[in-house]
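The values are calculated or read from the model by the stated rules, or taken from the named source; none is laboratory data. Keep in mind that this is a model prediction, so the values were computed, not measured. Every residue, glycine as well, gets a Cβ built from its backbone with ideal geometry; the counts of neighbours run over all protein chains shown.
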């Protein structure tokens, strides 16, 4: 193992005086260098080593002297991390493994944010990240939650695959929640890396000992820590692909490559889009009954991804298969089509970086603005009243949103630059109006019918507009 400090400077600005102070913080990194053809790709197992007792009486004023034992949060995760490093360092692996103890998680994931940002800037290839945070307390059944986003779901499947294969006495709950950003895994999500959180269970996080001086070792459930450690060590060992003497076979490795023509398209609405991709089996064994999924990521950020098609296929070792699919998109906007191979991890793979292909599709026309929506409508005026305005653009354009009274007098006006929120191609959501006149917030607005108007101006001077009535009631 190569062990090192990973120092960085964290700057804090005093909210009252504006004075800045710099603090040196350190992550601790142990690296087990891979010895195979994938040594340039890294699996990371991490846990934060700082603790916090902010719910203890008097913590705000005496935090420097009050105890913050953090047995569950997160000595439990750090202990498992150290044990993983101890055991796995006795073996050789195809992939590189890094064991990272992050600092500053309780204060805002400072350590992992710094590491993930630097990793992205230097182009580090990270196959996946397993973040261990609070796996020591469970007064009920022995179970853990695996928190993942859509892209990282394969890691959760890998853990469940190993739990079944090795008969580990632990229930696993897979939870897809991209909004669960309150631990170090989310720092990697921000830069597009696959990462999951292993946790004792969201319901247990609300325990009375959390973030208090009572988070001590006598409150823990040793069997939960033991079974979780077995599960993570077996998973990361399998993923990193152990190398033994005389063993030249590699784990199954399915890869997908989308046709270069499909990778970035700009088309008119309703144009048939012909998608073509090639799936290869790079491994030494046949891949039978594998799943291939084609997903559409809508231009509307508030909509869920849509499964367009699912295919089952057999691909022999060292062979390939081509898939073709034609789709049509009707509305202006930027879309993604994502093709995933083996998304449910029915075949165990180490290298999942090549299992996903993405096509970027921009549906546009020269000039246009449409789909103006206003809600609520009618709106009842009070101190908390707010009108939300949404529309769709055929291309990037400068947009002016006006609210006019029935006589044509301007009540509200807001301008949005081309390409920015409010002026970019596709749906623009959400422009808000607090029902107060633009130039006089002390003046009350009367009940009545008003006109909401959105005007798009394109670079060559062409203008398009759309309008809708709005009712205000006092």
For this session: Take the stretch 85-95 and flag every residue that is closer than 16 Å to residue 33 by Cβ and in contact with a helix residue (DSSP H, G or I) (Cβ under 8 Å, 6 or more places away or on another chain).
Result: 88, 91, 93, 94, 95
Problem set entry | Residue list for the stretch 448-474, restricted to those being exposed (fewer than 13 other Cβ atoms within 10 Å of the Cβ) and over 20 Å from residue 409 (Cα atoms) | 459, 460, 461, 462
For this session: Residues that are modelled with pLDDT under 90: find the strands (runs of 3 or more DSSP E) completely inside the stretch 396-451 holding 3 or more of those.
Result: 426-433
Exercise. Filter the stretch 445-468 for residues that are farther than 29 Å from residue 329 by Cα and touching a residue at least 60 places away in the same chain (Cβ under 8 Å); which is farthest from the chain's Cα centre (by Cα)?
Worked result: 447
Seminar exercise, completed: Flagged pairs (Cβ under 8 angstrom, 6 or more apart or on separate chains; first in the stretch 116-140, outside the structural domain of residue 82 (by TED's automatic domain parsing) and touching a residue at least 12 places away in the same chain (Cβ under 8 Å); second assigned to a loop (DSSP other than H, G, I, E, B) and surrounded by fewer than 24 Cβ atoms within 10 Å (Cβ to Cβ)) are none
